1. Which of ASP83, ASP192 comes first, and how do the rest follow, when ranked by fewest Cβ neighbours within 10 Å?
2. If packing is taken as the average count of other Cβ atoms within 10 Å, what order do 212-220, 133-141, 173-181 fall into, highest mean first?
3. List the extent of the Cα atoms of segment 270-327 along each of their three principal axes, largest first, rounded to whole Å.
4. Quick one: net charge of GLY206's neighbours, Cβ under 14 Å, K/R +1, D/E -1?
5. Go ahead and run the numbers for FRET between LEU185 and ALA323, Cβ-Cβ distance against an R0 of 30 Å, rounding to 0.05.
6. Provide the packing ranking of 203-211, 317-325, 122-130, i.e. peptides ordered by the mean count of other C-beta atoms within 10 Å per residue, highest first.
7. For segment 113-257, what is Rg from Cα atoms divided by 2.2 N^0.38 Å, rounded to two decimals?
8. What does the charge count around CYS302 come to, taking other residues whose C-beta lies under 15 Å from its C-beta (Lys +1, Arg +1, Asp -1, Glu -1)?
Amino acid sequence: MSQSDRPPQVSCDRTSSSLTSAESTDLWWGTVVAGQANFYWVKLDQADQPQASQAQASQSQTSLLCTRRARLKKLGQQVMVGDRVGVEEPDWTDKRGAIAAIAPRHSQMDRPPIANADQVLLVFALTDPPLDPHQLSHFLVKAESTGLKVLLGLNKQDLVTPTLKAEWQDRLETWGYHPQCFSVLAQTGLEDLALRLQGQITVVSGPSGVGKSSLINALVPTLDLRTGEVSGKLGRGRHTTRHVELFELPTGGLLADTPGFNQPDITSSPTNLAQCFPEIQQRLSADTCRFSDCLHRDEPGCVVGTDWERYPLYLELLADAIAQQQALSDRPTEESATKTKITETGRQEEPKLLARRYRRHSRRSQHQALQDLCDEITDSRGAIADLDELDGYET
Ligand code: GDP
Ligand code: ZN
């Protein structure tokens, strides 16, 4: 998932995506920064738009409220926040448009639904609330399980002694992390952090009370997220688990503020779990275990060993992952549509309703997350109310 895999930032490079010539005429490219109720806010790229309309778009920072072309809908192509999209027939007066093309994604997170994210910034506080290594580890493993790059930021350094800070830094180095310490309140350490976010789509995550809203406000000065309470700029919508929006950093790059990521449920398979522990990866990069399917539980010839701080946590999560896998394999399989039931009158074949339900669920979770959100909102309040809410988003 390297930088070079990213879809082109320059949108009218018509040769660089798989679009047909009909699709590529006069497309205005940009990034979907928010989506609600079948409407999407698309922040257009500032440069390299089709010549004819360049003047009209020179109102830089143009965001358009877009629908999705029926053709895309027919093809089953969902639009996600973070998608690079081509917009057709922009209406500059009303700031409307229609999404006619979606560039291939280089990454996709389903929960929360976000396309093309580059990294996760996990924010914790050095104190207030006290830094709990167990909770931190759970969040870290969850973040690693996305396969994205993981940055660790430790806020509120104004409240701790340099010694305590250094102790945490040393400890986290042994976990394989190089935490970035900062204080939003004292405005220290923020430039270094901002550098690491430049030009990237970063998903911000962490428990509540650590200063995530304060940090986003500091990094995106045009914004005014409320801090120290549950609700934010978009009020009701913002803290539902599947709501995602991207905020533009002044230095380039986007921040995804997404509470949906904040409940760490670890879903790695037993064999993938080791990839979520950088200290295991460090050991494996130097040497290999005797058995290629080694689960690193003190097996003979295991190079990972047991002399590392998070080994007990690894064992705990590994046991969970094995139990989860076992539970999945005990479920009826999709191949056989019936199961045998022994009754008083003998053996009887019954349809496996359970398996179907699971199948449908997984398809939905993969492709329908946004659609669900739209339905949810439309049902309860109607699209218009939400669009009013989104109005404040425009810069
Ligand atoms: P969130 O729940 O993670 O979004 O956290 P908030 O941004 O709402 O911050 C929680 C509390 O921590 C608020 O009272 C902030 O004023 C406070 N806070 C945020 N950053 C700092 C900091 O750097 N130092 C100190 N002392 N307090 C901070
Ligand atoms: Zn091993």
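1. Fewest to most other Cβ atoms nearby, the residues stand as ASP192, ASP83.
2. Top of the packing list down: 212-220, 133-141, 173-181.
3. Cα spread of segment 270-327 along its principal axes, largest to smallest: 34, 23, 17 Å.
4. 0
5. The computed FRET efficiency comes out at 0.10.
6. Ranked by mean Cβ neighbours within 10 Å, highest first: 203-211, 122-130, 317-325.
7. Working it through for segment 113-257, the quotient is 0.99.
8. -3
No value in this document is a laboratory result; all are computed from the given coordinates. Quantities reported herein were computed from a predicted structural model and do not represent experimental measurements. Glycine gets a Cβ as well: all are built from the backbone with ideal geometry, and neighbour counts include every protein chain shown.
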